[in-house]
1. Do the conditions hold for LEU216, that is, is it within 22 Å of PRO165 (Cβ to Cβ), out of contact with any Gly (no Cβ under 7 Å at 6 or more places or on another chain), open to solvent by 10 Å² or more (accessible area, probe 1.4 Å) and modelled with pLDDT of 70 or more?
2. So, of the residues in region 289-322 that are within 19 Å of LEU406 (Cα to Cα) and assigned to a loop (DSSP other than H, G, I, E, B), which turns out to be modelled with the lowest pLDDT?
3. Kindly provide the set of residues from region 310-361 that are touching a helix residue (DSSP H, G or I) at 6+ places or on another chain (Cβ under 9 Å) and among the β-branched types (Val, Ile, Thr), ordered by number.
4. With the requirement that a residue be of a type in the set (Gly, Ala, Ser) and at pLDDT 85 or above, what does region 166-199 give you?
5. Report, by residue number, each residue of region 298-323 that is open to solvent by less than 40 Å² (accessible area, probe 1.4 Å) and hydroxyl-bearing (Ser, Thr, Tyr).
6. Could you tell me which residue of region 116-142 is surrounded by the most Cβ atoms within 10 Å (Cβ to Cβ), considering only residues that are over 19 Å from ASN159 (Cα atoms) and under 21 Å from the mean Cα position of the chain (by Cα)?
Amino acid sequence: RWDRAAASSAARRLVRSCNMATNATSSSMSARPQRMVAIGRMTGGIGHDFNNLLSVVIGNLELLSDGVRPDRTDQLIADALAAAELGADLTSRLMMFARKKQLNAEIIDLNEAVANAVALLKHTLSARCQLELSAGPRLWPVQADPTQLQTAILNLALNSQDAMPKGGRLFLETSNIEIDDRYLAQEVDVATGRYVRLSVSDTGEGMNEEQRAHALEPFFTTKPIGEGTGLGLSMVYGFTRQSGGHVTLYSEPGQGTTVSLYFPAVDLTGADSKKVPLGKETSAQHGHGRTILIVEDDVRVRKLSETRLAALGFHCVGVSNADSAWEIVNAQEPIDLVFTDMVMPGKLSGYDLAKRIAAQHPGLPVLITSGFSESVLRDQDIGSEFVILRKPYRQADLAEAVYNALGRS
């Protein structure tokens with residue numbers, strides 16, 4: 001028989017435990033600021049959500065114990081059970097983030113899985129959201145939980161829709177990626193090897209630097225209070241990491257967001273992965289001392305680009321914004337190629353710089369790089385006269401893009 005008083009008492013103890021955990025975490029934040037802020041946010045979020053759910057359970061149990069009208073008993077029990085089930089779902093999401101939940105992994109074709117998700121999304125997304133799919137050819141097989149993958153795609157798509165309240169475009173793209181050099185491994189912080197990449201991109205509001213830094217943390221959300229749990233991206237992150245993969249996020253305010261999931265490729269033949277062709281590879285070539293102007297506001301990325309291009313035999317000049325780059329170009333400095341990030345601080349963006357150069361210095365080639373998918377970039381009316389290199393990229397991709405751009409001049 002159900003002991004209502006005991007159940008109500010146990011629920012109250014759990015509420016007090018959540019509150020104590022939140023207070024204890026908050027009081028120790030000064031020790032390790034960044035880490036403890038994240039833990040504090042997570043603990044506070046857990047306490048907040050569980051307190052709400054337990055309030056429903058406690059309230060309904062108390063009404064039952066007080067002997068409410070018999071005609072309301074079934075509804076009170078149903079409400080209490082629904083709140084408890086939501087608590088179980090919350091726990092499941094947290095387990096996924098912590099990579100403690102058992103996955104039912106299978107060998108799957110990512111293109112097929114994404115196509116199934118797109119069929120579902122067509123009946124789920126608002127008519128204001130235009131959905132497009134670009135499926136890469138001959139994808140390598142991957143090992144993942146199909147159900148969790150569908151949930152991850154749905155989470156990402158709905159986040160994108162929320163970021164486009166006035167409508168926009170949502171792109172899903174798949175491709176084979178081989179991380180085979182130290183530059184790319186350093187850039188995405190993942191082991192070398194063969195991966196299949198799934199990118200979900202939108203043309204929405206985007207995120208600022210602080211929001212990007214916390215986007216994958218549980219209970220962090222940019223949505224108004226009551227409109228999001230902050231567990232969607234963290235669940236996607238936990239699922240991908242538990243599958244042996246990696247997640248990258250690229251976003252700029254007003255420009256949109258691209259989230260990419262990297263899943264390790266599964267070799268079903270037992271053949272040496274180096275024998276699997278990736279397509280056209282750029283042979284080792286030399287810059288012959290030609291000069292490249294690198295326009296990048298992130299000093300670490302700029303230094304990395306200088307190192308990579310110097311390894312190809314180029315002389316590099318680096319600046320932190322497009323305004324400075326435009327001054328150098330107008331000063332008739334001997335520049336053979338401008339290599340610029342698309343989003344730049346200051347009056348000019350990287351794309352603004354590229355358009356000015358094309359109009360006033362048509363003989364000077366421009367190579368644009370961005371973390372956004374090419375579908376998003378082309379959607380922003382970036383002309384075909386510019387070569388686009390998507391981040392992150394391999395050294396061979398960089399060499400091919402540079403020589404392609406130089407060849408157009």
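1. no
2. The residue in question is GLY289.
3. VAL317, VAL319, VAL329, ILE335, VAL338, THR340, VAL343, ILE357
4. We begin by selecting, within region 166-199, every residue of a type in the set (Gly, Ala, Ser); these are 167-168, 175, 185, 191, 193, 199.
Residues satisfying the conditions are GLY167, GLY168, SER175, GLY193, SER199.
5. SER305 - this is the single residue of region 298-323 that is open to solvent by less than 40 Å² (accessible area, probe 1.4 Å) and hydroxyl-bearing (Ser, Thr, Tyr).
6. VAL142
Each row is one residue, and each column tells you yes or no for (1) at pLDDT 90 or above; (2) in a loop (DSSP other than H, G, I, E, B).
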{"residue": "ASN111", "(1), (2)": "yes, no"}
{"residue": "VAL118", "(1), (2)": "no, no"}
{"residue": "HIS123", "(1), (2)": "no, yes"}
{"residue": "GLY136", "(1), (2)": "yes, yes"}
{"residue": "ASN155", "(1), (2)": "no, no"}
{"residue": "MET164", "(1), (2)": "yes, yes"}
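The values are calculated or read from the model by the stated rules, or taken from the named source; none is laboratory data. Quick caveat: nothing in here was measured; it's all calculated off a predicted structure. So basically every Cβ, Gly included, is an ideal-geometry build from the backbone, and we count neighbours across all protein chains shown. Areas reflect the complete protein model, heavy atoms only, side chains present, ligands, DNA and RNA absent. Shrake-Rupley method; radii C 1.70, N 1.55, O 1.52, S 1.80 Å.
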